[in-house]
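The numbers here are math on the coordinates, done by the rules we state, and not lab data. Quick caveat: nothing in here was measured; it's all calculated off a predicted structure. With ideal geometry, Cβ positions are generated from the backbone for all residues, glycine too; neighbour counts draw on all protein chains shown.
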Amino acid sequence: MNKIIKNKLIIFSIFVFSFLLISPPAFASSTYGTIDSTYRYGWGENIGWIDFGSTIGDVRIRDEALSGYAYGENIGFINLSGVTNDEEGNLSSYAWGENVGFIDFDGVTIDSEGYFNGQAYGENIGFITFTKDAGNMMLTDYRPKSARPTYRSGGSSSYISRPIPVTQLPTTPVIPPTLPPTTIPPISPITDGQATPPVITRILKLTTPRMIGTDVKDLQTYLNSHGYDCGIADGIFGKKTKAEVIKFQLANHLVGD
């Protein structure tokens with residue numbers, strides 16, 4: 001009887017061990033990332049340190065977009081919900097700060113190890129820089145889609161390397177106890193009774209080469225006539241037109257994308 005029980009235990013142990021080898025651990029955070037509690041800062045050339053990793057800001061990185069708030073002692077909160085992601089860590093579109101206006105994240109990427117690189121730019125504040133090898137280092141457990149772990153036979157995997165040493169990090173700023181309201185700049189939404197909007201049959205967006213057409217010109221003319229500033233209605237969809245479209249979307253309770 002003892003021999004039968006012993007044999008069953010051996011078989012069960014082999015089964016469990018085999019299951020563990022076949023079933024690798026799941027890295028849920030690679031697709032829904034947070035910011036590291038230490039490596040969490042960008043450097044603004046005119047505004048000082050920006051903290052992207054405070055608990056109250058609750059910054060999250062997903063395949064399609066960012067969410068949450070960054071905080072700068074000199075500028076207050078920056079709403080990141082307008083920043084988009086292409087699944088590969090190439091960020092684009094705009095964040096919004098009540099005291100600084102729009103900040104363009106087109107020049108920022110997240111690499112295969114989770115480090116932020118590049119520069120975001122705001123017309124009112126200049127550049128916010130993210131540098132892997134400096135004190136203004138920012139790290140997330142999110143990974144671009146092509147850099148997520150692939151498992152080998154036996155359950156082993158190649159995943160992340162930990163942060164390189166940093167000799168000096170900025171002092172954590174004091175965070176106010178409450179978040180500001182998620183308000184949009186004071187731009188009047190377009191209402192019934194105003195000029196009829198143009199008929200547009202394709203998705204207009206910033207591309208390389210630039211989108212050109214009468215529909216772009218009609219859009220620019222329409223926005224310019226309602227308090228926005230696309231510049232000259234030249235029929236070319238550039239960065240200025242993109243910024244005004246986002247303002248229009250946000251003012252009309254749409255996604256600013």
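With the highest mean first, a sort of the peptides 224-232, 95-103 on other beta-carbon atoms found within 10 angstrom per residue produces 95-103, 224-232. Overall form of region 28-86: prolate. Here a/c, set by the Cα gyration tensor axes a ≥ b ≥ c, is 1.5 or more, and a/b is the larger of a/b and b/c.
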